[in-house]
Amino acid sequence: MEQYIIRGGNPLVGEVEISGAKNAALGILAAAIMSEEPVTVDNLPNVRDINVLLEAMESIGVRVDRKTPHMAVLDSANVGDICVDYEYIKKIRASYYLIGALLGKYRMAKVPLPGGCNIGARPIDLHIKGFRALGAEVDIRNGVIIARAEHLHGSHIYLDTVSVGATINIMMAAAMAEGRTIIENCAREPHVVDVANFLNSMGANIKGAGTDVIRIRGVQRLHRTEYSIIPDQIEAGTFMFAAAATRGDVMVKHVIPKHLEATSAKLLEIGCEVEEFDDAVRVVASRKLHSTNVKTLPYPGYPTDMQPQIGVTLALAKGTSIVTESIFENRFKYMDELARMGAQVRVEGNTAIISGVEKLSGCRVSAPDLRAGAALVIAGLAAEGETIIDDIIYIQRGYEDFEGKLRSLGAEICKVESEREAQKFRLKLG
Ligand code: UD1
């Protein structure tokens with residue numbers, strides 16, 4: 001089993017390039033199935049979730065030509081099967097996007113109910129409500145969602161909760177339904193806009209993505225395109241907090257600063273300097289950090305996917321901070337691990353109360369999920385001594401070459417598979 005071994009204490013200094021957005025890429029790759037002609041997708045992040053989704057797509061007949069680790073040409077002309085295997089679905093929750101894409105194009109989809117990150121109950125009732133409103137019959141049998149429609153037609157859909165997944169999934173199916181669809185109370189995340197832009201580049205007619213009302217006029221076919229995915233705002237934000245927690249100075253390159261506003265605002269509040277450029281942000285943490293309060297909200301609010309990273313950083317900030325998680329109920333599992341590193345934290349329901357300490361000390365911890373795993377890496381980088389992180393498979397789902405990028409900023413971190421490799425790392429550092 002792979003682990004990270006970290007010798008903490010070095011401030012991160014230098015420049016880092018951000019990869020394409022994993023969550024946008026998942027929607028875009030699924031949507032590519034809807035084109036009759038080959039589509040080229042560039043700036044793909046080379047991470048596990050993307051590679052698994054591409055395998056799932058190949059298994060139903062999509063020809064995937066991986067030109068480079070970051071670019072693929074997808075040809076869906078010979079999709080012969082609308083049944084997706086559970087092996088793939090259990091590994092990535094977002095393979096549920098194949099339901100919207102297959103239903104839109106083939107009027108039929110059979111996709112097992114998703115697994116994914118263990119961050120709380122994650123129903124897909126809103127996705128199903130949307131498909132039904134578009135005229136599909138949706139049944140769940142033996143753990144498989146079976147959606148089919150004689151006629152997929154436009155509809156007026158109100159989402160009870162703001163949901164990224166439901167917005168994207170319904171938007172994909174509606175892009176090829178007959179007539180006009182209006183989706184209200186939509187998610188406004190940058191990756192919703194990116195999937196809409198991708199669909200439009202294939203000939204769809206989608207307006208309003210990025211606002212809370214999306215209007216779609218269905219089209220009969222979608223055509224070839226070449227598309228480059230937006231930068232990953234969560235990967236970028238993770239490096240920004242890594243700079244803050246280690247008292248470093250990092251230029252985070254190839255980003256859209258607008259997408260990082262909530263993160264930048266919190267870094268400024270806790271005493272960092274944040275400088276924005278056209279496609280980069282620089283975070284300098286030269287002063288002592290101090291406490292703040294934060295509540296996760298749908299975009300443009302503070303992202304739930306950035307909650308563990310700020311939580312870890314606040315554990316080292318002077319004063320008492322309150323972190324409220326309002327999207328997923330199970331996202332404080334890293335707090336127990338953080339406490340073992342010396343943090344003073346208390347979780348009450350969906351609130352964590354964090355009293356900053358001067359120092360954390362390294363120990364062996366486990367990544368409970370993707371973002372919390374990345375946050376524990378930040379804790380290890382800031383802590384005194386050695387930290388070992390287990391279950392890094394979660395981190396590899398969504399961060400491309402995390403350890404390599406951190407090393408280029410001066411971090412002492414290594415991916416190891418055995419105690420012998422860990423010893424080699426220790427010997428090298430002396
Ligand atoms: C996406 C992101 C995930 C991020 C989350 C919130 C992807 C692949 N994943 O997940 O990283 O943490 O957005 O920004 O893009 N809900 C329902 N019924 C539904 C769907 C959702 O009640 O049918 C609820 C959820 O339980 C949650 C809230 O809505 O409380 C938001 O979830 P949602 O935006 O759908 O998250 P995902 O799309 O799964």
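Looking at segment 58-75, can you tell me whether even one residue there is in a helix (DSSP H, G or I) and out of contact with any His (no Cβ under 8 Å at 6 or more places or on another chain)?
The initial filter retains those residues of segment 58-75 that are in a helix (DSSP H, G or I), namely 58-59.
Now narrow it down to the ones that are out of contact with any His (no Cβ under 8 Å at 6 or more places or on another chain): 58-59.
Yes, the conditions are met somewhere in segment 58-75.
Checking Leu429 against (1) under 19 Å from Ile310 (Cβ atoms); (2) surrounded by fewer than 19 Cβ atoms within 10 Å (Cβ to Cβ); (3) hydrophobic (A, V, I, L, M, F, W, C): exactly one of these is not met. Which one?
Result: Leu429 fails condition (1) only.
To keep it simple, each residue is scored yes or no on (1) of a type outside the set (Gly, Ala, Ser); (2) modelled with pLDDT under 95.
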| position | (1), (2) |
| --- | --- |
| Gly100 | no, no |
| Lys105 | yes, no |
| Gly120 | no, yes |
| Glu137 | yes, no |
| Asn142 | yes, yes |
| Leu152 | yes, no |
| Ile157 | yes, no |
| Ser163 | no, no |
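Determine if segment 27-38 includes at least one residue that is modelled with pLDDT of 95 or more and either in a strand (DSSP E or B) or farther than 19 Å from Met176 by Cα (or both). Let's see the steps before the verdict.
So the first thing to find is which residues in segment 27-38 are modelled with pLDDT of 95 or more, and the list is 27-35, 37-38.
Okay, now just the ones that are also either in a strand (DSSP E or B) or farther than 19 Å from Met176 by Cα (or both), so 35.
Yes: one or more hits.
Pairs needed: first member in segment 262-282, hydroxyl-bearing (Ser, Thr, Tyr); second member anywhere, at pLDDT 95 or above; C-beta distance under 6 Å; at least 6 residues apart or different chains.
Thr263/Gly237; Thr263/Met240; Thr263/Met306; Ser264/Val274
What strands (runs of 3 or more DSSP E) lie completely within segment 313-430 and have 2 or more residues being in contact with a Gly (Cβ under 7 Å, 6 or more places away or on another chain) and not aliphatic (A, V, I, L, M)?
Numbers: elements: 320-324, 344-348, 351-355, 364-366, 386-390, 412-416.
Because the criterion is at least 2 residues that are in contact with a Gly (Cβ under 7 Å, 6 or more places away or on another chain) and not aliphatic (A, V, I, L, M), the strands (runs of 3 or more DSSP E) in segment 313-430 that meet it are 386-390.
Conditions tested, residue by residue: (1) under 30 Å from Ala372 (Cα atoms); (2) crowded, with 18+ Cβ neighbours inside 10 Å; (3) outside the structural domain of Ser326 (by TED's automatic domain parsing); (4) within 16 Å of the ligand (Cβ to nearest atom).
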| residue | (1), (2), (3), (4) |
| --- | --- |
| Glu36 | no, no, yes, no |
| Val39 | no, yes, yes, no |
| Ala72 | yes, yes, yes, no |
| Asp75 | no, yes, yes, no |
| Ile82 | no, yes, yes, no |
| Ile124 | yes, yes, yes, yes |
| Gly130 | no, yes, yes, yes |
| Val138 | no, yes, yes, yes |
| His153 | no, no, yes, no |
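Listed residues Asn51, Asn46; which is out of contact with any helix residue (DSSP H, G or I) (no Cβ under 7 Å at 6 or more places or on another chain), outside the structural domain of Ile393 (by TED's automatic domain parsing) and either buried (at least 24 other Cβ atoms within 10 Å of the Cβ) or not in a loop (DSSP other than H, G, I, E, B) (or both)?
Details: Asn46 fails: either buried (at least 24 other Cβ atoms within 10 Å of the Cβ) or not in a loop (DSSP other than H, G, I, E, B) (or both).
Just a single option satisfies the conditions, and that option is Asn51.
Would you please name the residue that is farthest from the ligand (Cβ to nearest atom), looking only at residues in segment 167-215 that are more than 26 Å from Leu44 (Cα to Cα) and crowded, with 24+ Cβ neighbours inside 10 Å? Spell out how you get there, then give the answer.
Residues of segment 167-215 that are more than 26 Å from Leu44 (Cα to Cα), as a first pass: 177-185, 212-213, 215.
Imposing the further condition that a residue be crowded, with 24+ Cβ neighbours inside 10 Å reduces the set to 177, 181, 183.
Values: Ala177: 19, Thr181: 17, Ile183: 13 Å.
So, considering only residues that are more than 26 Å from Leu44 (Cα to Cα) and crowded, with 24+ Cβ neighbours inside 10 Å, the one farthest from the ligand (Cβ to nearest atom) is Ala177.
Kindly check whether there is at least one residue in segment 342-355 that is within 16 Å of the ligand (Cβ to nearest atom), at positive phi and loosely packed, with under 15 Cβ neighbours inside 10 Å.
Yes, segment 342-355 contains at least one residue that is within 16 Å of the ligand (Cβ to nearest atom), at positive phi and loosely packed, with under 15 Cβ neighbours inside 10 Å.
Could you list, in sequence order, all residues of segment 1-25 that are in contact with a helix residue (DSSP H, G or I) (Cβ under 8 Å, 6 or more places away or on another chain), of a type in the set (Gly, Ala, Ser) and outside any loop (DSSP other than H, G, I, E, B)?
Gly14, Ala24, Ala25
Is it the case that some residue within segment 258-273 is charged (D, E, K, R), at pLDDT below 95, over 30 Å from Lys67 (Cβ atoms) and outside the structural domain of Asn46 (by TED's automatic domain parsing)?
Narrowing segment 258-273 to residues charged (D, E, K, R): 258, 261, 266, 269, 273.
From the residues that got through so far, the ones that are at pLDDT below 95 too are none.
Checked against the condition, which is being charged (D, E, K, R), at pLDDT below 95, over 30 Å from Lys67 (Cβ atoms) and outside the structural domain of Asn46 (by TED's automatic domain parsing), segment 258-273 yields no hits at all.
Within segment 140-151, take every residue that is of a type outside the set (Asp, Glu) and away from the ligand (no atom under 16 Å from the Cβ) and give me the one that is surrounded by the most Cβ atoms within 10 Å (Cβ to Cβ). Outline the logic, then answer.
Initially, segment 140-151 is screened for residues of a type outside the set (Asp, Glu), giving 140-149, 151.
Imposing the further condition that a residue be away from the ligand (no atom under 16 Å from the Cβ) reduces the set to 141-144, 146, 148-149, 151.
Working: Arg141: 8, Asn142: 7, Gly143: 9, Val144: 16, Ile146: 18, Arg148: 17, Ala149: 21, His151: 11.
Only one residue tops the list, namely Ala149.
Sort out which residues of segment 309-334 are more than 16 Å from the ligand (Cβ to nearest atom), of a type in the set (A, V, I, L, M, F, W, C) and farther than 22 Å from Ala243 by Cβ, and write them in order of number.
Taking segment 309-334 and keeping what is more than 16 Å from the ligand (Cβ to nearest atom), we get 312-322.
If we keep only those that are of a type in the set (A, V, I, L, M, F, W, C) too, we end up with 312, 314-317, 322.
Selection gives Ile322 alone.
The values are calculated or read from the model by the stated rules, or taken from the named source; none is laboratory data. Everything numeric in this text was worked out from a predicted model, so none of it was measured. So basically every Cβ, Gly included, is an ideal-geometry build from the backbone, and we count neighbours across all protein chains shown.
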